[in-house]
1. So what's the gap between the Cα centers of region 58-106 and region 235-303, to the nearest angstrom?
2. Could you calculate the contour length gain from Leu260 to Phe215, that is, 0.36 nm times the residue separation minus the distance between their Cα atoms, to one decimal place in nm?
3. Considering only DSSP beta bridges where both residues belong to the chain, give the percentage that are antiparallel (nearest 5).
4. Kyte-Doolittle mean at least -1.0 and Cα extent at least 30 Å along the axis: which DSSP H helices of the chain qualify?
5. Going by how many other Cβ atoms sit within 10 Å of their own, how do Val170, Val55 line up, fewest first?
6. Place a +1 charge on the Cβ of each Lys and Arg in the chain and a -1 charge on the Cβ of each Asp and Glu, then give the dipole magnitude about the Cα centre in debye, rounded to the nearest 20.
7. Along the charge dipole of the chain, Cβ charges K/R +1 and D/E -1, which of Tyr144, Gln37, Pro53 sits furthest on the positive end?
8. Can you tell me which lysines have their Cα less than 28 Å from the Cα of Lys211? Leave out same-chain residues fewer than eight positions away.
Amino acid sequence: MNRILPIGVIIVSFLMLMAGRAYGAPDSMEVEKAEPQTVGQAAARYGALIGFPTVVLAYGMETWDWGSRGSWRWRDEGWFGRDTDLGGADKFGHMWACYAITRISWSTFSYSEGDSWTKWLFTPLVAFTIGLGIEVGDAYTGKYGFSYQDLVMDSLGIALGMAFEAFPKVGAFVGFSLSYWPTNRFLDYEDRTLMDIESDISGYRYLLSFKLNGFHEIGFDVPDALRYLMLDLGYYTHGFSKYDEAVGDNSRRRNFFIGLSLNTAEVIRSAFRNSGSNLQAVTATPFEYFHVPVGLTKSFALD
């Protein structure tokens, strides 16, 4: 099951950042101090440190049968092989989710902590706590079990997110995102619910994008026609989900693709006269993590 960490956590954390800013931190705030200066900063700090993991872990207890097994269970899930449960799509799901949570948590702690070193501690701590908590919960189920492979991919996502924050110019050039479009097999499945979207494996694509707008960010005069383009390299699978099995498709195909696509986030940012506004951020930021598949792609089958 491609149990991508709940999208709601990312949305809640981003909205919490915006709510914190709405309280209005003073312009002369002494950002070197570790303690929050305003009510909004305190809410952002403790909401992220306590609220984010609590929401996800509560979701897991309700949804993923944690506690259904009384003893610890290890599970070797493998990596990206055709003989694995999901062909590695779930591994990229773990990586993407922890990457996104890391980036949003950084924004939250940049607001609450200012220039304090604590944001370098709190950001990966929150993301890793969520990832580790999920694996510990899975260890007490008869279905899943503790997977070190998942934890490795969680850690890679956290490391990638922290690297982009430590080196913003790199982040200006490279993005990591997912796209999702419901498959017909999922839509035709009678017993599906909205929460079952996470198991519609064939509808997900994970991609690294090289953003030509990065040249503009480092001072080059780049034509708009190029600023809004990205070169993509991605991965997806078909034939691994229960919806594929329901129609007799057990082909289990793994694919990578290359493509040229629209940088939706940059298009949205350019539509705002007031650069850096909260409205601009709220509107554009989700498209740094969710890719709109507008462009050209060429797929290559691994199987």
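Any read-out appearing in this document is the output of simple, stated calculations on the displayed coordinates, not a laboratory observation. These figures come from a predicted structure and were not determined experimentally. For neighbour counting, all protein chains shown are included, and Cβ atoms are generated from backbone atoms with ideal geometry for every residue, glycine included.
1. Comparing the Cα centres of region 58-106 and region 235-303, I get a distance of 20 Å.
2. My answer for the length gained is 14.5 nm.
3. Working: 30 of 32 bridges.
Around 95 percent of the beta bridges assigned by DSSP in the chain are antiparallel ones.
4. On the way: long enough: 89-113 (35 Å, -0.14); 118-139 (31 Å, 0.97).
What comes out of the filter, once short or polar helices are dropped, is 89-113, 118-139.
5. Values: Val170 13, Val55 17.
Ordered by Cβ neighbours within 10 Å, fewest first: Val170, Val55.
6. On the way: 25 positive and 34 negative charges, 63 e Å.
Rounded to the nearest 20 debye, it is 300 debye.
7. Looking along the dipole axis, the top candidate is Gln37.
8. Lys91, Lys119, Lys169, Lys298
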